[in-house]
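Peer 1: Can you read through this structure? Questions will come right after.
The values are calculated or read from the model by the stated rules, or taken from the named source; none is laboratory data. Here the structure is a predicted model, which means the values were calculated and not measured. Note that we place each Cβ from the backbone using ideal geometry, even for glycine, and neighbour counts take in every protein chain shown. For accessibility, only protein heavy atoms count, side chains too; no ligands or nucleic acids. Shrake-Rupley method; radii C 1.70, N 1.55, O 1.52, S 1.80 Å.
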Amino acid sequence: MKESILNMATEMFLEYGFKSVTMDDIAAKLGISKKTIYANYSTKTKLVHDVAFNILYKIQDRIAEIKKKDINAIEELFEVKKQVSIFLKDEKSSPQFQLQKYYPEIFENVENTKCETIECSITENVTRGIDEGLFREDVDKNFVCKIYHYGLKSVRDTAIFPQEQYNKSEIFQLFIEYHVRGIATKKGLQILEDLLNNNETETN
């Protein structure tokens, strides 16, 4: 039952946000009493905590699957971006917005764990890109990874990039493009241009 509650809450929180969904809503969707939910999760905060990390672990699993695909390092960056895009919606009902606003401690814990994942993932990506001849051999991997890590945090900061002016998904793509152009070889730049052109064609 606890797993069923977690899975349903994850689905609903992703769709409507952490604040918008009540324990009553989850109980009604599952066709159970609210008492049953509280028997498994004594507070909504505890449920939010488990759901937030459940979402993070699902993203991590998807990233791991992407890394197994037969694609190059630059394609990998854009594939990962697609997987996390649902968590980067601009609406105030978005999971990220509501988690940060109403459950700041949980948000901070998730962010710290996510940062470790990002650092590991981008280090692997840069190393792979160099091996594939897509990123320059003379780049300082440690420097690049730190810039990427903190740059990614900055583009998600609404104090720097207000939601009224910047679309989260678009700005994330601009950030990846900025990152790749800074370290790419001629071969890497050509792959980047092809990806951007294909993306523009699909959008139109």
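Peer 1: Give the relative contact order (percent, whole number) for the range 1-80; include only Cα pairs under 8 Å separated by 6+ residues. Please report the intermediate quantities before stating the final value.
Peer 2: Numbers: 38 pairs, mean separation 23.9, N = 80.
The normalised contact order for the range 1-80 reaches 30 percent.
Peer 1: Can you give me the angle between helix 141-155 and the longest principal axis of the chain, using Cα atoms only, in degrees from 0 to 90, rounded to the nearest 10?
Peer 2: Taking Cα atoms only, the helix is inclined about 50 degrees.
Peer 1: Next question, about the same structure. Would you mind telling me which residue in Leu192, Leu174, Leu99 has the biggest mean-square fluctuation in a Gaussian network model of the chain, where springs connect alpha carbons within a distance under 10 angstrom?
Peer 2: Leu174
Peer 1: Regarding the range 55-204, what are the three Cα extents along the principal axes, ordered largest first, in Å?
Peer 2: 45, 35, 28
Peer 1: With a cut-off of 8 Å between alpha carbons and a minimum separation of six or more residues, what is the relative contact order of the range 1-158 in percent?
Peer 2: Details: 117 pairs, mean separation 38.9, N = 158.
Rounded, it is 25 percent for the range 1-158.
Peer 1: Follow-up. Highest mean first, what order results for 129-135, 193-199 on Cβ atoms within 10 Å?
Peer 2: Numbers: 129-135: 19.1, 193-199: 13.0.
Most protected by this proxy first, the peptides run 129-135, 193-199.
Peer 1: I've got another one for you. Can you tell me the accessible area per residue over the chain, all protein chains present, probe 1.4 angstrom, in square angstrom? Can you show the working numbers first?
Peer 2: Values: 11490 Å² over 204 residues.
Using a 1.4 Å probe on heavy atoms only, each residue of the chain averages 56 Å².
Peer 1: Hey, any idea what Rg/Rh is for the range 1-85, computing Rh the Kirkwood way over Cα pairs? The partial results should precede the final answer.
Peer 2: Working: Rg = 15.9 Å, Rh = 14.2 Å.
Using only Cα positions, Rg/Rh for the range 1-85 is 1.12.
Peer 1: Just Ser42, Ser85, Ser169 to compare: in a GNM of the chain, with alpha carbon springs under 10 Å, which one fluctuates most?
Peer 2: Result: Ser42 has the largest fluctuation of those listed.
Peer 1: With runs of 4+ DSSP H residues as the only contributors, calculate the mean residue ellipticity of the chain at 222 nm using -39,500 (n - 2.57) per run, divided by the residue total and rounded to the nearest 500.
Peer 2: Numbers: 10 runs with 152 residues, N = 204.
Here the helix-only value at 222 nm equals -24500 deg cm²/dmol.
Peer 1: Right, another one. Just to confirm the number: angle between the C-alpha axis of helix 104-131 and the first principal axis of the chain, 0 to 90 degrees, nearest 10?
Peer 2: 30 degrees
Peer 1: For the range 93-204, what is the relative contact order in percent, using Cα pairs closer than 8 Å and at least 6 residues apart in sequence?
Peer 2: Details: 54 pairs, mean separation 27.7, N = 112.
The value is 25 percent.
Peer 1: Multiplying the sequence separation of Arg62 and Lys101 by 0.36 nm and subtracting their Cα-Cα distance, what value in nm do you get?
Peer 2: Details: separation 39, 0.36 × 39 = 14.04 nm, distance 2.63 nm.
That pair, Arg62 and Lys101, stretches by 11.4 nm at full extension.
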